[in-house]
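Structure first, then comments.
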Amino acid sequence: MDKNEALFKYALRLGDNGLILGHRLSEWCSKGPFLEEDLALSNMALDLIGRSQAMLNYAATVEGKGRTDDDLAFKRAERQFLNNLLHEQPNGDFAHTMIRQLFNSAFELFFFEELAKSKDETFAGVAAKTVKEVKYHLRHASEWIPRLGEGTEESHARTQKAIDNLWTYTGELFEMDEVDQVLIKEGIAVDMSALKSKWEKQVRSVIEGATLKLPAGGFMQTGSRKGLHSEHLGFLLAEMQYLPRAYPDAKW
Amino acid sequence: MGFLSEIPDPEIPVITIKELGILQGVVQNADGCIVSITPTYTGCPAMKAIEDDVKKMLHEKGIEKVSVKLLYSPAWTTDWISDEAKEKLRVYGIAPPAKITADKGALLGKPKILACPRCNSSNVEMISQFGSTACKALYKCLDCKEPFDYFKCI
């Protein structure tokens, strides 16, 4: 794999992560438990989609085949998406959404802090900006988990169930393949192996501080780096891509 | 190109895109000009409106070929908002960003010291970390009882 192909796939992975999780969070819009929370979830969706736009735009430029960020978002099929499995998991109840947010925001904070040191100016620039936004996302989730864990028996049980259900998707966050190897040599990509213990420490302190338990090890799902997804992504794309596919000439 | 500095922010019309630090630079050459802008937040939906405002103003001034470039680096910070602009925000009813840029304090949930833009009391309470736009949080004053927006420090 040459550097350009690796850059394209790396930008695509970052763009897809933002797009798919951003879309999931936007599904809460007008359905939040109360107005302020509705705004919070929609605000975070915007951050993720904005970041995705920057990354897909960069992917399109690197690829140099005349595709745009919109083409990449709306005209690729499921197997061509490289987002993590965690990001496409359904919102479920509020506990599932918040645990997914905690797992991902803690990961993103440590990841983008490292990516901000990348030799690639576009990645470094977007990463530095993202770090500021993700701090708010992590704080938001970290404030909800204790309320859910220590709220009622029902909220405790549901949150523990969310942790147990989503834990299996967290191993993949730290996976690396040839794309990473090529770019780490160039000083562009982040070495994920250095992030895992920091991440687990952060997540564990929030979860255990909320009288909840983190599972010990267990089977970890994998596949998204090769475009192999859970059954949920196809349904998400069917909804997200409907309009530009049904009306290819539609303009904003 | 000084007139570009006059364009108001579409969300907070009392301050201009120049005062907010969104307008980063203008390069003019023989056949047109390139305007650089930077988003406050990566997903700021006002960027399209700002781009349109910039193009419209330049077209009105007779400059036909205009391209607007989006810069992500250096990352926008509330530190770029001048003291005069902060005062305009306060008069408008938005508590301006506290002096120091957000640090890890945001993670630990340390309270920021800020004053109600109406009665200047610092007896205030946060209602929501996320407000009507990405750049604002929602507070209320416990003395005059008025709710108000706080321009988040990033």
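Can you tell me how many residues in region B:72-92 are surrounded by 15 or more Cβ atoms within 10 Å (Cβ to Cβ) and part of a loop (DSSP other than H, G, I, E, B)?
At the first step, the residues of region B:72-92 found to be surrounded by 15 or more Cβ atoms within 10 Å (Cβ to Cβ) are B:72-73, B:75-78, B:80-81, B:85-86, B:88-90.
Of the ones still in play, those that are also part of a loop (DSSP other than H, G, I, E, B) are B:72-73, B:75-77, B:81.
Count: 6.
For region B:61-71, how many residues are open to solvent by 30 Å² or more (accessible area, probe 1.4 Å), more than 11 Å from chain A (Cβ to nearest Cβ) and out of contact with any Ser or Thr (no Cβ under 6 Å at 6 or more places or on another chain)?
Here is the first cut: in region B:61-71, the residues open to solvent by 30 Å² or more (accessible area, probe 1.4 Å) are B:61-62, B:64-65, B:67-71.
Still in the running and more than 11 Å from chain A (Cβ to nearest Cβ): B:61-62, B:64-65, B:67-69.
Still in the list and also out of contact with any Ser or Thr (no Cβ under 6 Å at 6 or more places or on another chain): B:61-62, B:64-65, B:67-68.
Residues in region B:61-71 being open to solvent by 30 Å² or more (accessible area, probe 1.4 Å), more than 11 Å from chain A (Cβ to nearest Cβ) and out of contact with any Ser or Thr (no Cβ under 6 Å at 6 or more places or on another chain): 6 in total.
Could we say that A:LYS135 is at pLDDT below 95 and closer than 19 Å to A:MET98 by Cβ here?
Working: at pLDDT below 95: yes; closer than 19 Å to A:MET98 by Cβ: yes.
Answer is yes for this residue.
If you scan region B:1-60, which residues turn out to be among the charged types (D, E, K, R) and surrounded by 13 or more Cβ atoms within 10 Å (Cβ to Cβ)? Walk me through how you get there before you give the answer.
Within region B:1-60, the subset among the charged types (D, E, K, R) is B:6, B:9, B:11, B:18-19, B:31, B:48, B:51-53, B:55-56, B:60.
B:ASP9, B:GLU11, B:LYS18, B:GLU19, B:GLU51, B:ASP53, B:LYS55 - these are the residues of region B:1-60 that are among the charged types (D, E, K, R) and surrounded by 13 or more Cβ atoms within 10 Å (Cβ to Cβ).
Output the residues belonging to region A:218-252 that are surrounded by 11 or more Cβ atoms within 10 Å (Cβ to Cβ) and not in a helix (DSSP H, G or I).
A:MET220, A:GLN221, A:THR222, A:GLY223, A:GLY227, A:LEU228, A:HIS229, A:SER230, A:GLN241
What about B:ALA106, is it open to solvent by less than 70 Å² (accessible area, probe 1.4 Å), modelled with pLDDT under 85, more than 10 Å from every other protein chain (Cβ to nearest Cβ) and under 24 Å from A:LEU109 (Cα atoms)? Show your work before the answer.
On the way: open to solvent by less than 70 Å² (accessible area, probe 1.4 Å): yes; modelled with pLDDT under 85: yes; more than 10 Å from every other protein chain (Cβ to nearest Cβ): no; under 24 Å from A:LEU109 (Cα atoms): yes.
Against the criterion (open to solvent by less than 70 Å² (accessible area, probe 1.4 Å), modelled with pLDDT under 85, more than 10 Å from every other protein chain (Cβ to nearest Cβ) and under 24 Å from A:LEU109 (Cα atoms)), B:ALA106 does not qualify.
Could you check how many residues of region A:25-49 are open to solvent by less than 20 Å² (accessible area, probe 1.4 Å) and in contact (Cβ under 8 Å) with a residue 12 or more places away in the chain?
Residues flagged as open to solvent by less than 20 Å² (accessible area, probe 1.4 Å) and in contact (Cβ under 8 Å) with a residue 12 or more places away in the chain within region A:25-49 amount to 7.
Taking region A:109-141, which residues are more than 8 Å from chain B (Cβ to nearest Cβ), touching a Gly at 6+ places or on another chain (Cβ under 8 Å) and open to solvent by less than 50 Å² (accessible area, probe 1.4 Å)?
Result: A:SER118, single match.
The values are calculated or read from the model by the stated rules, or taken from the named source; none is laboratory data. If you're wondering where the values come from, they're calculated on a predicted model, not measured in any experiment. With ideal geometry, Cβ positions are generated from the backbone for all residues, glycine too; neighbour counts draw on all protein chains shown. What goes into the accessible areas is simple: the full protein's heavy atoms, side chains included, and nothing from ligands, DNA or RNA. Shrake-Rupley method; radii C 1.70, N 1.55, O 1.52, S 1.80 Å.
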